[in-house]
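Okay, structure first, notes after.
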Amino acid sequence: MHTSKHTTSLPAHRYTLVVDLDRCTGCGACGTACAVENNIPPAAEKATERTGTVWMRVHEAAAAGDGPSTFVPIPCQQCDNPPCVDVCPQRAIEYDPRTGIVAQIPVRCLGCRYCMVACPYHTRSFNWWTPEWPEGMKATLNPDVSIRTRGVVEKCNFCVQRLQAARAKASAAGQAEIDPADYVPACVEACPSRALSFGDAADEKGEVARLAKDPESFRLLAGLGTGPKVLYRSSDPAVRERLSRTGVTRG
Amino acid sequence: MKLPAPVSFAVGLVPALAAGWLLFPRLLYRTEAQPLPFNHKAHTEGGMGCADCHAVAENGRFAGLPATEACAGCHAEKGDNAGINALVASYVEPGREVPWLVHARQPDNVYFPHAPHVTGDKLACARCHGPHGESTATKAYVVNRLSGYSRDIWGPSIARVGRKEWQGMKMSDCIQCHRAGGRESACLDCHK
């Protein structure tokens, strides 16, 4: 396990997403649910593969031989040693010492895109255009997530607005800790094949902590030492070996 | 005529400062009227508590300002009070919500939960809102023309001198109180 250089000890909570590649059918429901939850606008007319806004990208990794390809959903990997934090001249990215979430604060961003270069997983998007929604869709925007403007970078924050709501509920009930059932990201909730599971890896007895120790679990580009809190699982040793070594490239 | 340097400097500086401190605030801010008169005292003296209109729900959400429905129980009919008549005619009868202007409203990117601050009598409403709960009339809503933010975020004094602790709620004001209580906050505690 990696210890972040940004904190002296591991955070009290280590929110972690586990993706079971054996179960993922590549349907893209996670990405759609993510866009609705997080006020990601429909693609601008001029947007391409590279310039659109996507927080949860489903990549198709072709098999080495002629076997079936593997679908790999890739949100921000929520690294414990996030390379993006150090390069930001604005301090618009912070490793949250309480949750391990890599927090991107778009209002602080000046749009230099160093973080996009530094991220080996290509999980960020730059807002090339002012976000626009068709008239009827405006009423469905999520008030718990602010709208980003043109010229700033954004990415997955593990649906932190749901953690905020869970905390408010706990404090109204006079409780110090949230009920874990109240904090589930939109992608996890939406996955029809239950390929995604989410939880606090600091909870030693929890399902996510168990999966993290399982030999079938691995990390993308494990050799870089970024320490992602998005874990992948596959029963196929070849898939594990290849993805943990090379990761996936964009587009 | 040639003035000595300090004098010509002052001749330039004084009007510049005057423009900056006196004229600019007038240009920068615009005042808007509330859609209706409202008298807090008339209601709380009648026995209503703050939570009858502004409550934290069980799920932790703050109800904010009361819906028209909450007023309709007592103000369904017109009488001889102009304020009540306007309420009934423009909002209760057509079933519309009152578009109150919220002085404390933070920018869209800020997440402020009332629950951790007020549950269990931790902080009094007046600590952050001043005497608004005892007001007999609405107060002027002043908005920054450039940012669109309420002036209450910065506070009434541009230089922030002599301000009372509830006047102004900038990021530094939130953090100052949190630090005083030994609480270090992460960006995502307060931003969304």
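The values are calculated or read from the model by the stated rules, or taken from the named source; none is laboratory data. Small disclaimer: the values here were computed from a predicted structure and weren't measured. Neighbour counts are summed over all protein chains in view; Cβ atoms, including those assigned to glycine, are modelled from backbone coordinates with ideal geometry.
Among the residues of segment A:76-91, how many are under 23 Å from A:V54 (Cβ atoms) and in contact (Cβ under 8 Å) with a residue 60 or more places away in the chain?
7
Does B:G49 satisfy the condition of being without any contact (Cβ under 8 Å) to a residue 40 or more places away in the chain, exposed (fewer than 13 other Cβ atoms within 10 Å of the Cβ) and under 28 Å from A:A173 (Cβ atoms)?
So B:G49 fits the description; yes.
Among the residues that make up segment B:62-73, is at least one of them closer than 30 Å to A:Y183 by Cα, within 22 Å of the chain's Cα centre (by Cα) and touching a residue at least 40 places away in the same chain (Cβ under 8 Å)?
The answer is yes; a qualifying residue exists.
So, restricting to helices (runs of 4 or more DSSP H) that lie completely within segment A:134-228, which ones have at least 3 residues that are more than 19 Å from A:E37 (Cβ to Cβ)?
Qualifying helices (runs of 4 or more DSSP H): A:160-172, A:207-213.
Show the residue pairs that are 6+ apart or on different chains and have beta-carbon atoms under 6 Å apart, the first residue being within segment B:101-116 and within 21 Å of A:I147 (Cα to Cα), the second being of a type in the set (G, A, S).
Correct list of pairs: B:R105/B:S150; B:D108/A:S146; B:N109/A:S146; B:P113/A:A168.
May I ask you to verify whether A:A118 is in contact (Cβ under 8 Å) with a residue 24 or more places away in the chain, under 26 Å from A:G223 (Cα atoms) and in contact with an Asp or Glu (Cβ under 6 Å, 6 or more places away or on another chain)?
It is false that A:A118 is in contact (Cβ under 8 Å) with a residue 24 or more places away in the chain, under 26 Å from A:G223 (Cα atoms) and in contact with an Asp or Glu (Cβ under 6 Å, 6 or more places away or on another chain).
So which of B:H178, B:H129 is under 27 Å from B:R30 (Cβ atoms), surrounded by 12 or more Cβ atoms within 10 Å (Cβ to Cβ) and not acidic (D, E)?
Working: B:H178 fails: under 27 Å from B:R30 (Cβ atoms).
Within the list B:H178, B:H129, the selection yields B:H129.
Just need a number here: residues in segment A:62-75 that are touching a residue at least 60 places away in the same chain (Cβ under 8 Å) and part of a strand (DSSP E or B).
Qualifying residue count for the region: 4.
Assuming A:H59 fulfils every condition listed in (1) part of a strand (DSSP E or B); (2) in contact with a Ser or Thr (Cβ under 6 Å, 6 or more places away or on another chain); (3) surrounded by 15 or more Cβ atoms within 10 Å (Cβ to Cβ) apart from one, which condition is it?
(2)
Out of everything in segment A:229-251 that is assigned to a helix (DSSP H, G or I) and of a type in the set (K, R), what residue ends up being surrounded by the most Cβ atoms within 10 Å (Cβ to Cβ)?
That would be A:R240.
Inspect all residues belonging to segment B:133-144 and state whether any of them is within 14 Å of another protein chain (Cβ to nearest Cβ), aromatic (F, W, Y), within 30 Å of A:R148 (Cβ to Cβ) and surrounded by 13 or more Cβ atoms within 10 Å (Cβ to Cβ).
No, segment B:133-144 contains no residue that is within 14 Å of another protein chain (Cβ to nearest Cβ), aromatic (F, W, Y), within 30 Å of A:R148 (Cβ to Cβ) and surrounded by 13 or more Cβ atoms within 10 Å (Cβ to Cβ).
Being in contact (Cβ under 8 Å) with a residue 60 or more places away in the chain, within 14 Å of another protein chain (Cβ to nearest Cβ) and aliphatic (A, V, I, L, M) narrows it down to one of A:V188, A:V230, A:V145, so name that one.
A:V145
Within segment A:18-28, can you find the residues that are surrounded by 20 or more Cβ atoms within 10 Å (Cβ to Cβ) and either in a strand (DSSP E or B) or among the small types (G, A, S) (or both)?
A:V18, A:V19, A:D20
A:A33 - would you say it is surrounded by fewer than 18 Cβ atoms within 10 Å (Cβ to Cβ) and of a type in the set (A, V, I, L, M)?
no
For segment A:96-117, does any single residue satisfy the condition of being more than 27 Å from A:N81 (Cα to Cα), small (G, A, S) and either away from chain B (no Cβ under 11 Å) or not in a loop (DSSP other than H, G, I, E, B) (or both)?
No; the residues of segment A:96-117 include none that is more than 27 Å from A:N81 (Cα to Cα), small (G, A, S) and either away from chain B (no Cβ under 11 Å) or not in a loop (DSSP other than H, G, I, E, B) (or both).
Assess whether A:R50 counts as being crowded, with 19+ Cβ neighbours inside 10 Å and at pLDDT below 95.
In short, no.
Would you confirm, using the coordinates I've provided, whether A:D214 is within 14 Å of another protein chain (Cβ to nearest Cβ) and free of Cβ contacts under 8 Å to residues at least 60 places away in the same chain?
Here the answer is no, as A:D214 does not meet what is asked.
Based on this model, can you work out whether A:R162 counts as within 17 Å of the chain's Cα centre (by Cα), surrounded by fewer than 20 Cβ atoms within 10 Å (Cβ to Cβ) and within 14 Å of chain B (Cβ to nearest Cβ)? So that I can check it myself, show each step before the final result.
Details: within 17 Å of the chain's Cα centre (by Cα): yes; surrounded by fewer than 20 Cβ atoms within 10 Å (Cβ to Cβ): yes; within 14 Å of chain B (Cβ to nearest Cβ): yes.
The answer is yes for A:R162.
Check A:G111 against each of (1) within 15 Å of A:G247 (Cβ to Cβ); (2) modelled with pLDDT of 95 or more; (3) surrounded by fewer than 21 Cβ atoms within 10 Å (Cβ to Cβ) and name the one condition it does not meet.
(1)
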